[in-house]
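Undergrad: Would you mind keeping the following structure in view while I ask a few things?
The values are calculated or read from the model by the stated rules, or taken from the named source; none is laboratory data. Everything quoted here is computed from the prediction, not taken from an experiment. Don't worry about glycine lacking a Cβ; one is built from the backbone with ideal geometry, like all the others, and counts go over all protein chains shown. What goes into the accessible areas is simple: the full protein's heavy atoms, side chains included, and nothing from ligands, DNA or RNA. Shrake-Rupley method; radii C 1.70, N 1.55, O 1.52, S 1.80 Å.
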Amino acid sequence: MSDYEYDLFVIGAGSGGVRAARLAAQLGKRVAIAEEYRVGGTCVIRGCVPKKLLVYGSRYGAEIEDAKAYGWSYEDLKFDWPALIHNVQREVDRLNGVYTRTLDNAGVERFLTRATVEGPHGVRLTGREAPISAEYILIATGSTPSYPSLPGAEHFISSNECFQLTALPESIVILGAGYIGMEFCSIFAGLGVPVTVVYRGDQILRGFDDDLRDQVAESLRDRGVDLRMDTNIAAIEKDGDRYRVALTDGDILHSSAVMAATGRTPNTKGLGLEAAGVDLGGNGRVIVDAYSKTSADSIYAVGDVTDRANLTPVAIREGTAFVETVFQGAPKAMDYGFIPTAVFTEPEIGTVGLTERDARKDHEVHVYKTTFRPMRATLSGRGEKVFMKLVVDADSDRVLGLHMVGPDAAEIAQMAAIPLRLGATKADFDSTMALHPSLAEEFVTLRQRWEPPTPIKGSDAAA
């Protein structure tokens, strides 16, 4: 028995923290966890899960409309936002209970209060005089929405507040075109809300494959979304029950809500980490090594607070690797290659591996891609398109990246991640039997290699 009160104290009860606490407790370790909001973290409480439920809700209108072509009829169709948000919150409450019981059943002691670090082995809880001692401390406090500094910034709402709206806004301006902004853009647009997206860059979804970005932007515009690129919000003013939004290009927008989707910041402010010998990065992230250890030997960190790959499954895997490293004597370094990613826009994105742009930095590549109308749209007449793309190393024939826009893209990318991690080649894809009729079969029937258009002689492109 050590001289510490706990073998492990976890600060933050999100997906990564809960996983680490539960696994360590199941090994017989004395474990405690502190959470100042609700057990479950951003993903479960105000992130991935409630967002995906809103995505489902936003899609039913178009699906019901398409059902007419398949022989279904209906009357008095209407949408009830309070009913949807109530049901989403009820599911969040249920999951909060599930996560809480998971900790209790594993024997983890819970403290529903703020915790800060006091030295390499000390944790101080709000309202408690003496610090708690622990042999190891795990920081799993996640991240929080960040806001731009501009006149009227106090009028912004973030993704957090979107889950608490009692009424659907009559219109909304969204600043930012990353995955959070574009997902909420699709949600609101699908529910009939006029949406304007403002972004300082030249195209949405920076960091994703360029073809995916172009395809989704075109589809969103076809659905009536006003995408304003190469501009920014200069100021926001209250104008009666609406807002006057001034853009840097001189345009003025009027909207009933303004959302900031301008990224997230690691949640380390006021935690006492630097005083405990923990090095932080410029944005406040906790700097860790390949085994999630900080510059203080007894303090580790996992999840978004480290700003490595900010995805819930990554945080869970990092929490598992931490327990294996520290308590099972089996050091486990994380592998961040071939992480499947989805963006639940309408249409949906599923992607795994390198973008074409990134692949070309180190490889000679062959590209295979196709755009087609899905079978489900043939009767409804909806102008929907599916896009698929493979990026292949020209020398080894290994598939470096798989990218898709269309229905069930996330599900397809998840399964595709397995062969890509195992080093599947284009020949392996070609020799795999197609499942017909399906969308995914197109990935194993792509035969014609894409070649960029030949520049016209004398044009700028040929210069």
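Undergrad: Could you give the length gained on full extension between Asp226 and Gln448, defined as 0.36 nm per residue of separation minus the Cα-Cα distance, in nm?
TA: On the way: separation 222, 0.36 × 222 = 79.92 nm, distance 3.49 nm.
Length gained, Asp226 through Gln448: 76.4 nm.
Undergrad: Ignoring everything but the protein chains, give the 1.4 Å probe accessible area of Arg221 in square angstrom, nearest 10.
TA: Here the residue's solvent-accessible area equals roughly 110 Å².
Undergrad: Sticking with this one: Hey, what did the chain get for relative contact order, percent, Cα under 8 Å, at least 6 apart?
TA: Here the relative contact order equals 14 percent.
Undergrad: Express in whole angstrom the spacing between the alpha-carbon centres of region 68-101 and region 351-415.
TA: Centre-to-centre (Cα) distance: 31 Å.
Undergrad: When only the heavy atoms of the protein chains count and the probe is 1.4 Å, how do Ser380, Ser295 rank by accessible area, highest first?
TA: Greatest to least solvent exposure: Ser295, Ser380.
Undergrad: Taking the simple approach of a point 7 Å from Cα along Cα-to-Cβ for both Tyr37 and Thr248, what is their distance in nm?
TA: Each label point is offset 7 Å from its Cα along the Cβ direction, giving 2.9 nm.
Undergrad: Quick one: order Thr231, Thr325 from most to least accessible surface, probe 1.4 Å.
TA: Thr325, Thr231
Undergrad: For Lys332, what accessible surface area do you get with a 1.4 Å probe? Give it in Å², rounded to 10.
TA: 90
Undergrad: Given a 1.4 angstrom probe, I'd like the percentage of the accessible area of region 283-328 that is carbon and sulfur, rounded to a whole number.
TA: The value for region 283-328 is 46 percent carbon and sulfur by accessible area.
Undergrad: Please find the FRET efficiency linking Leu379 to Ala234, where r is the Cβ-Cβ separation and R0 is fixed at 41 Å, and quote it to the nearest 0.05.
TA: Taking R0 as 41 Å, the efficiency between Leu379 and Ala234 is 0.30.
Undergrad: Something else: Once the whole set of protein chains is in place, how much accessible area is left on Leu125, using a 1.4 Å probe, in Å² to the nearest 10?
TA: For Leu125, solvent-accessible area is about 10 Å².
Undergrad: Assigning unit charges at the beta carbon (Lys, Arg +1; Asp, Glu -1) and nothing else, what dipole magnitude in debye, to the nearest 20, does region 283-376 show about its Cα centre?
TA: That gives region 283-376 a dipole magnitude of about 300 debye.
Undergrad: Next question, about the same structure. If the cut-off is 22 Å between C-alpha atoms, which lysines fall inside it for Lys68, apart from same-chain ones fewer than 8 positions away?
TA: Leaving aside lysines fewer than 8 places away in the same chain, those within reach of Lys68 are Lys78, Lys385.
Undergrad: Would any residue of region 119-158 have its amide N under 14 Å from a label point 7 Å out along Cα→Cβ of Ser2? List them or say none.
TA: Residues 120-123, 132-139 qualify, since their backbone N sits under 14 Å from the label point.
Undergrad: Kindly work out what percent of the DSSP beta bridges joining two residues of the chain are antiparallel, to the nearest 5.
TA: Of the beta bridges lying entirely in the chain, close to 65 percent run antiparallel.
Undergrad: For region 330-430, what % of the accessible area comes from carbon and sulfur atoms, probe 1.4 Å? Walk me through the numbers on the way to the answer.
TA: Working: 2320 of 4550 Å².
For region 330-430, the apolar C and S fraction of the accessible surface comes to 51 percent.
Undergrad: State, to one decimal in nm, how far the label point of Arg94 lies from the label point of Leu150, with both points 7 Å from Cα in the Cβ direction.
TA: The two pseudo-label positions are separated by 4.0 nm.
Undergrad: Which lysines, on any chain, are close to Lys361 with Cα under 19 Å apart, when same-chain ones fewer than 8 places away are left out?
TA: Hits, sequence-local ones excluded: Lys389.
Undergrad: Can you work out the accessible area per residue across the chain, with the rest of the protein chains kept in place, probe 1.4 Å, in square angstrom?
TA: With all protein chains present, the chain gives 48 Å² per residue.
Undergrad: Here's a follow-up. So what's the net charge close to Ala410: Lys and Arg +1, Asp and Glu -1, counting the other residues with Cβ under 11 Å from its Cβ? Mind showing how you got there, number by number?
TA: On the way: positive: Lys52; negative: Glu348, Asp408, Glu411.
Cβ neighbours under 11 Å give a net charge of -2.
Undergrad: Which of the chymotrypsin sites (Phe, Trp or Tyr not before Pro) found in region 328-396 are loop residues per DSSP with 15 or fewer other Cβ atoms within 10 Å of their Cβ?
TA: Hits after loop and neighbour filter: Tyr336.
Undergrad: Can you pull out the cysteines in the chain that have no other Cys Cβ under 4.7 Å?
TA: Cys162, Cys185
Undergrad: Between region 143-193 and region 1-52, how many Å separate their Cα centres?
TA: When both Cα centres are located, 29 Å separates them.
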